[in-house]
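Note sheet for the following structure.
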Amino acid sequence: METGVEPEDLGQDPEYAGRLEYHGDKKNGHNLRITDLREKDSATYKFRFITDQTGGRYYGDPGVTLSVTALQVKVTPTRSATSKTLTCSTTCTLTGSPTYIWYKNGQSLYWPTSQQYTFWTSETESYSCAVKGHEDLHSPAVCVQGQSCNRVTYTKRRICVLKDSTVDISCTYLGYKSTTSTFWFRSVKSTPEGLTRDPGYAGRVKYTDKKTWRNEGSSILRISGLREEDSAEYRFTFKTNNFEWGHSFPGTTLSVTGNTTLYDTTVYH
């Protein structure tokens, strides 16, 4: 807020379009819900109400300060030369007591579920972490020893496109040894199967792989003639002679929507 300047209602701010819900009444108070949070949403938020009296405009101080953070894996040496401690780090303390999920080489681990994890190191391994219930917001996979471990990095976590259009979903990957094969699949499949072999995508799927080195490259999945039933999470995997990237590592979530008229989607209760 600036002195002498009328504060702007968040519902009128295009940066928050489609991401706000107001819930409230005189009995239960008022709540603001912001979805699809971004780091630039970090700010102090204040509630304001206006009465029918002259000068009857009020707001509450100091407001609520929101900090939006991203997860990052930090690697710390231990006293042992063969082990290290990983921390699923944030720039602020997360609300509540979150349960953590750890991924080793793209495969989720049943243990541990804490913010820290100590393990025996291997130069081939990469690790990533997420908060349970928000697995799609996992940290980038990092090497714990050197820079030539197995890992996959998706260009975008979420994509929304129109029905009947074409979409490109992409990632980069690095294998500790030379890769022998790659493919994309839908996460809902109990047994991962390449989309090019799925009859539901016949004639609509194309892979474009580009190797920048024998064990490093990028891959693009192109799906054309999109249907609403194509809405799903898409994951990439690669193989070497004795390794396959884990199938449980979250990929890119695609939402296919019909061509509808858009309105102000802020919800008021």
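Here are the numbers for the structure shown:
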| quantity | calculated |
| --- | --- |
| Where Rh is the Kirkwood radius over Cα pairs, Rg/Rh for the chain | 1.06 |
| Rounded accessible area of Tyr176 (nearest 10 Å², 1.4 Å probe) | 70 |
| 10 Å-binned pair-distance histogram of region 71-220 (Cα, whole percent) | 10, 33, 33, 19, 5, 0 |
| Stokes-Einstein D (µm²/s) once Rh is taken as the Kirkwood radius of region 10-66 over alpha-carbon pairs, at 4 °C in 1.567 mPa s | 99 |
| Radius 15 Å from Cβ of Asn105, net charge of other residues (Lys, Arg +1; Asp, Glu -1) | +2 |
| The chain: Cys lacking any partner C-beta under 4.7 angstrom | Cys92, Cys160, Cys171 |
| Reference-scaled alpha-carbon Rg (2.2 N^0.38 Å with N residues) for region 163-225 | 1.21 |
| Order of exposure, largest accessible area first, which applies to Cys160, Cys88, Cys143 with probe 1.4 Å | Cys160, Cys143, Cys88 |
| Paired Rg and Dmax values of region 150-260, which use every Cα atom, in angstrom | 13.9, 48 |
| Region 69-148, Cα convex hull volume normalised per residue, Å³ | 97 |
| Cα-derived Rg over Rh, computed across region 145-185 with Rh taken as Kirkwood radius | 1.10 |
| Positive-pole candidate from Ala17, Pro7, Phe185, dipole of the chain, charges at beta carbon | Phe185 |
| Exposure ranking of Thr237, Thr153 by accessible area [1.4 Å probe, largest first] | Thr153, Thr237 |
| Accessible surface of region 150-260 [probe 1.4 Å, protein heavy atoms]: carbon and sulfur percent | 47 |
| Trypsin sites (Lys or Arg not before Pro) within region 84-178, DSSP loop, no more than 11 other Cβ atoms inside 10 Å | Lys132 |
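The values are calculated or read from the model by the stated rules, or taken from the named source; none is laboratory data. Values in this document were obtained by computation on a predicted structure and should not be read as measured data. With ideal geometry, Cβ positions are generated from the backbone for all residues, glycine too; neighbour counts draw on all protein chains shown. Just so you know, the surface numbers come from the protein's heavy atoms only, side chains and all, with ligands and any DNA or RNA stripped out. Shrake-Rupley method; radii C 1.70, N 1.55, O 1.52, S 1.80 Å.
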